[in-house]
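Just below is one structure, and these are the notes that go with it.
The values are calculated or read from the model by the stated rules, or taken from the named source; none is laboratory data. These numbers come from a predicted model, not from an experiment. All Cβ positions, glycine included, derive from the backbone under ideal geometry; neighbour counts span all protein chains shown. In case anyone asks, the SASA skips ligands and DNA or RNA and just uses the protein heavy atoms, side chains included. Shrake-Rupley method; radii C 1.70, N 1.55, O 1.52, S 1.80 Å.
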Amino acid sequence: MSAVALPPLHDLLATARVVALPLVTRFRGIDVREALLFEGPEGWTEFAPFAEYDDEEATTWLGAAIDFGWNPAPAAHRDRIPVNATVPAVDADAVPAVLERFPGCRTAKVKVAASDQTLDRDVARVRAVREAMGPEGRIRVDANGGWNVDEAEHAIHALAPFDLEYVEQPCPSVAELAEIRTRTKYMGIPIAADESVRRADDPLAVAAAGAADLLVVKAAPLGGIRRALDVAERAGLPIVVSSALDTSVGLAMGAHLAAALPTLDYDCGLGTASLLAADVSRDPLLPSDGAIDVRRIDPDPALLDRYAADGDRAAWWLARLERCFAALTGETIETP
C-alpha cells in the first residue's frame with residue numbers, strides 16, 4: 001500500500017451536511033441519529049461517532065470517512081451482503097413488528113442487558129424472537145458489555161434454551177471475556193467481542209488473550225476499510241461485519257468491507273437502515289431477501305434539507321469535524 005496526504009479541510013467543509021434522522025424505536029438511548037456527511041472524489045461518506053465519544057476516539061472515525069470518500073474501495077468478492085435483523089430492547093409483544101422491517105433475514109441480533117431492562121424481560125424478548133423465527137432462525141444476543149462475569153453466566157444459562165448462535169460482548173473487559181468464555185465453554189455458545197475490538201488501543205488484544213471465539217468488526221471505529229481488513233486478517237478468528245446505526249451512506253462503507261473479505265461466515269449487522277424512520281437517500285440500503293447491495297449511496301438534496309440538524313447541532317458537528325481534522329494533520333490515509 002502507498003499513502004497520500006490528507007485532503008485540505010475546506011474540501012470536507014465545502015459539501016458538509018449535518019442530518020438528524022428519527023428512529024423507528026429508541027435505540028442505544030437515543031431517538032434521533034445525527035451524522036455529518038461530505039463528498040469526496042470517490043463519493044459521499046459519513047462521519048458519525050456517537051455524541052458521547054471523545055475527540056480522540058472520534059478522530060479515528062474521521063480517518064475512516066476520508067478514506068472511503070477519497071480512495072477506491074478494495075476489490076469485492078460479492079455484490080450482496082446477507083444481514084441480520086436487529087431487535088432493540090423492546091417489549092416482547094413488539095418483536096413481530098420489528099422483525100417485519102427485515103424481510104428475508106434468517107438471523108436476528110437481540111439487544112439485552114440494557115440498564116433499564118431486567119433479565120426476565122430479556123428472556124421474554126429472545127423467546128418472542130425464537131417463536132417468530134422458528135427453529136431454523138439464528139439468534140445472537142448483544143449485551144454491549146452490560147454484565148459482570150457472574151451476571152453474564154447467569155444470563156447465558158437463562159438464554160441458552162433458545163439456541164444462541166453466539167453472545168456478543170457479555171462483559172466489558174478482555175479479562176472478563178476470557179473468564180466468561182472459560183466458565184461457559186461447556187455450553188457450546190461462542191463468545192464474540194465488539195467493544196473490545198473497536199474501542200481498544202489494541203484491537204487484536206482480545207484475540208491474543210483467547211478471550212473470544214469471533215470478532216465483530218466495524219469499519220469506521222477501526223479507521224477505515226483497509227485497517228479493518230488488516231485486523232480481520234491478523235486476528236485469525238471468524239469475523240462478523242457490523243455497523244453503528246449509520247445512515248445508508250455509512251452502511252455503504254460497511255458493505256464494501258464485508259464484500260472485500262475473502263470469506264463471510266456470518267450474516268452481517270448492516271441492516272440497521274430499517275431502524276431509521278427516515279434516511280438520506282430515496283434508495284436506501286434496506287434489506288431485501290435478507291441482504292443488502294454493495295454500492296455507494298448518493299444522498300438526495302431534498303432529504304438532506306428536510307432532515308437537516310438545527311443550527312446549534314450543526315455547529316457542534318462542524319466544530320467536532322475541525323478538531324478531529326486538526327488531530328489528523330500530518331498523518332496519512334492508507335490507500336492501495
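Structure summary
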item: Cα-based shape type of segment 67-126, given that a ≥ b ≥ c are square roots of the gyration tensor eigenvalues and the cut on a/c is 1.5; result: prolate
item: Potential extension, Glu233-Arg80 segment - 0.36 nm per residue separation minus Cα distance; result: 53.0 nm
item: In degrees, nearest ten, helix 149-159 long axis to first principal axis of the chain (Cα); result: 70 degrees
item: Highest-fluctuation residue, Ala16, Ala94, Ala65 considered, GNM on the chain with Cα pairs under 10 Å; result: Ala94
item: Among 245-257, 50-62, the order from most to least packed when residues are scored by Cβ within 10 Å on average; result: 245-257, 50-62
item: Cα gyration tensor category, rounded, prolate or oblate, for segment 96-180 with a/c compared to 1.5; result: prolate
item: Average Cα contact separation per residue, segment 95-229, under 8 Å, 6 or more apart, as relative contact order %; result: 18 percent
item: Nearest 10 degrees, 0 to 90: helix 174-184 Cα axis against the chain principal axis; result: 30 degrees
item: Candidates Arg138, Arg106, Arg26, ranked by Gaussian network fluctuation over the chain, Cα under 10 Å, top entry; result: Arg26
item: Signed unit charges on C-beta, dipole axis of segment 222-267, positive-most listed residue Ser248, Pro262, Leu222; result: Leu222
item: Peptides 311-323, 223-235 ordered by average Cβ neighbours within 10 Å, highest first; result: 223-235, 311-323
item: Summed residue charge, Cβ within 15 Å of Asp11's Cβ, Lys/Arg positive, Asp/Glu negative; result: -3
item: Apportionment of accessible area to carbon and sulfur, segment 221-321, percent (1.4 Å); result: 46 percent
item: 222 nm mean residue ellipticity, helices alone, for the chain (DSSP H n ≥ 4; -39,500 (n - 2.57); rounded to 500); result: -10500 deg cm²/dmol
item: Summed side-chain charge close to Ala158 - residues other than Ala158 whose Cβ falls under 11 Å, Lys, Arg +1, Asp, Glu -1; result: -3
item: Relative contact order of segment 74-153, defined on C-alpha pairs under 8 angstrom at six or more residues apart (%); result: 32 percent
item: Relative contact order, percent, the chain [alpha-carbon distance under 8 Å, six or more residues apart]; result: 26 percent
item: Environment charge of Pro238, counting only residues whose C-beta is closer than 15 Å and scoring Lys/Arg +1, Asp/Glu -1; result: -3
item: Arg138 long-range amide H proximity, modeled H, under 5 Å; result: Thr107, Ala108
